[in-house]
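S.K.: Take a look at the following structure, please.
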Amino acid sequence: MLRSLSDIVGVAKSRGTKTCVVVAAEDPDVLLAMDEAVTHEIARSILVGSRQRIEIAATIAGVDISKHEIIEEDDPATAARRGVQLVAAGKADLVMKGLVSTSDVLKAVLCKEGGLRTGRLLSHLSVFEMPGADKLAIFSDGAMNIAPSLEEKAEITQNAIDIAHLLGMTEPRVAAIAAIEYVNSDMPATIDAACISKMAERGQIKGGIVDGPLALDNAISAESAGIKKIVSPVAGRADILIMPDIEAGNVFYKTLVYMGSGCCASIVAGAKAPVVLTSRSDSHEAKFYSLVLGIAVS
């Protein structure tokens, strides 16, 4: 059982050394995260971007740039396309965003030629340490799918389960989150959650135990579930939280980080290879563990 984000480093090491492409790699924090992964011998790096700007960023970060391969490309959008093409061609195992817009990276990933499309929905997921808990948990989606349909929520759920398997969670417990733990026709999220639960029961979602709707408290707190007399194989023991929409997921993420002093490792799942999309405001620690997570599931 993984108990902390640092445990993911061990999973990454078990995968062998992976090649990571950083696109528009002129970000000091991203370079520092990449350099740390190289030091741990879990990554080889290819930096795509302006050599001059990369060298300046490396100096700021205190990174020895001689340990990293550089492919010269001044334009960030073109750097994103070139980096993704390297992964698509099998010359690298995953891609990480540097100083380039998320939309440019996703355009490259979804490109019909040289992209990483699989026909599956792309979804953002985060692995986080729950305060007071002795295990890591996953939540999705807090950054990509704005108002997912029932079918999209099912795909988001399957993506999360598949990543959980790669992290050693053999049969993860999945909570479809809503504001309450019973179906209410005035709250569409509760209906979707109940449908997702039934879809898993019927084998349309595979590899996990899914239940919902569950409110956040009774999804993660056995005490809360007991007080409310909820009988469920998931309540109080959830490994994965499926959020009803991007607002709930995004607020949950930022509450963890800014009010709970938490750290999350985040990737985009559903492509041919992991895509590490971090925000410029993310801490170095979050960028490092996001990279490590990408390596661990590649």
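The values are calculated or read from the model by the stated rules, or taken from the named source; none is laboratory data. Because the structure is a prediction, the values reported are computed rather than measured. Here the Cβ is made from the backbone with ideal geometry for all residues, glycine too, and neighbour counts use every protein chain on show.
S.K.: Kindly evaluate Asp134 against the criterion of being in the same structural domain as Asp74 (by TED's automatic domain parsing), within 22 Å of Ala286 (Cα to Cα) and surrounded by fewer than 23 Cβ atoms within 10 Å (Cβ to Cβ).
M.R.: Answer is no for this residue.
S.K.: For the range 83-99, does any single residue satisfy the condition of being at pLDDT below 95, closer than 17 Å to Thr278 by Cα, of a type outside the set (Phe, Trp, Tyr) and in a loop (DSSP other than H, G, I, E, B)?
M.R.: yes
S.K.: Restricting to the range 100-129, and then to whatever is assigned to a loop (DSSP other than H, G, I, E, B) and among the β-branched types (Val, Ile, Thr), can you tell me which residue is surrounded by the most Cβ atoms within 10 Å (Cβ to Cβ)?
M.R.: Going through the qualifying residues, I end up with Val100.
S.K.: I would also like to ask the following. Inside the range 173-220, can you point out the residues that are of a type in the set (S, T, N, Q) and under 23 Å from the mean Cα position of the chain (by Cα)?
M.R.: Across the range 173-220, the qualifying residues are Ser197, Gln204.
S.K.: With the condition being closer than 14 Å to Ala269 by Cβ and not aromatic (Phe, Trp, Tyr), I'd like the strands (runs of 3 or more DSSP E) fully within the range 135-221 carrying at least 1 qualifying residues.
M.R.: 136-140
S.K.: From the list Asp141, Asp217, Asp211, which residue is more than 15 Å from Asp245 (Cβ to Cβ), buried (at least 16 other Cβ atoms within 10 Å of the Cβ), in contact with a helix residue (DSSP H, G or I) (Cβ under 8 Å, 6 or more places away or on another chain) and charged (D, E, K, R)?
M.R.: Asp211
S.K.: Quick one: how many residues across the range 66-76 are surrounded by fewer than 17 Cβ atoms within 10 Å (Cβ to Cβ), in a helix (DSSP H, G or I) and not hydroxyl-bearing (Ser, Thr, Tyr)?
M.R.: Count: 1.
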